[in-house]
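Notes follow once the structure below has been shown.
The values are calculated or read from the model by the stated rules, or taken from the named source; none is laboratory data. Everything numeric here is computed off the predicted structure, so don't read it as measured data. No Cβ is skipped: glycine too gets one built from the backbone with ideal geometry, and neighbour counts run over all protein chains shown.
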Amino acid sequence: MSPPKTPLLTVDCVVVDPGRGVLMVRRKNSPFKGELALPGGFVDIGETVEEAAKRELMEETGLEATNLTLVGVYSKPDRDPRGHTCSVAFLADVRNKDAKAGDDAAAVAWVKDLGGVAIAFDHRDIITDALNLIR
């Protein structure tokens, strides 16, 4: 019996600095090439979602997560134009906030005002939920 066809599993990280805003990466690759997104990516086989979140944050921003808090699970079938993905999103605390772009991030930026800014995927919803969780 072959395994069932299911959505791909991804993770996203929200890092917030009250003075600088939300940490975003500028996507180097399609889809949404050049747009802002949260650091994140696909979970590797043999990896927990928490391990994946920490790894993706480190690979894309150079920041080490010290604590992860679940924000939510995002599973709308059309959230990723490449196909159905299901993302587990975390609020991440980090040791230092000197981020630098790496892996598939073309750049990193702290964004204070997200109004009118194009944000990839459903990441605006994730950010809103994370900020509500902080409040």
* To do: Starting from region 53-64, keep only residues that are under 10 Å from Ala92 (Cβ atoms), then list their pairs with residues that are part of a helix (DSSP H, G or I) whose Cβ atoms are within a distance under 8 Å, requiring at least 6 positions of separation or different chains.
  => Leu63/Leu57; Glu64/Lys54; Glu64/Leu57; Glu64/Met58
* To do: Inspect region 65-76 for any residue being exposed (fewer than 15 other Cβ atoms within 10 Å of the Cβ), hydroxyl-bearing (Ser, Thr, Tyr) and farther than 19 Å from Gly21 by Cα and give the result as yes or no.
  => yes
* Asked: Looking at this structure, is Arg27 closer than 22 Å to Leu9 by Cα, among the basic types (Lys, Arg) and surrounded by 15 or more Cβ atoms within 10 Å (Cβ to Cβ)?
  -> yes
* Please identify the pairs in which a residue from region 79-93 that is under 13 Å from Ala130 (Cβ atoms) has its Cβ atom under 6 Å from the Cβ atom of a residue that is at pLDDT below 95 and outside any loop (DSSP other than H, G, I, E, B), counting only partners at least 6 apart or on another chain. => Asp93/Thr66
* Asked: Would it be correct to say that Ala101 is in contact with a strand residue (DSSP E or B) (Cβ under 9 Å, 6 or more places away or on another chain), at negative phi, assigned to a loop (DSSP other than H, G, I, E, B) and surrounded by 15 or more Cβ atoms within 10 Å (Cβ to Cβ)?
  -> yes
* Structure fact -> Checked region 1-48 for anything in a strand (DSSP E or B), out of contact with any helix residue (DSSP H, G or I) (no Cβ under 9 Å at 6 or more places or on another chain) and under 20 Å from Lys100 (Cβ atoms); matches are Asp17, Gly21, Arg26, Arg27
* Structure fact -> Subset of region 114-134, residues farther than 16 Å from Arg26 by Cβ and touching a residue at least 24 places away in the same chain (Cβ under 8 Å), comes to Asp122, Asp125, Ile126, Asp129, Ala130, Leu131, Leu133, Ile134
* To do: Test Glu51 against the stated conditions and say whether it is under 12 Å from the mean Cα position of the chain (by Cα), part of a helix (DSSP H, G or I) and not basic (Lys, Arg).
  => no
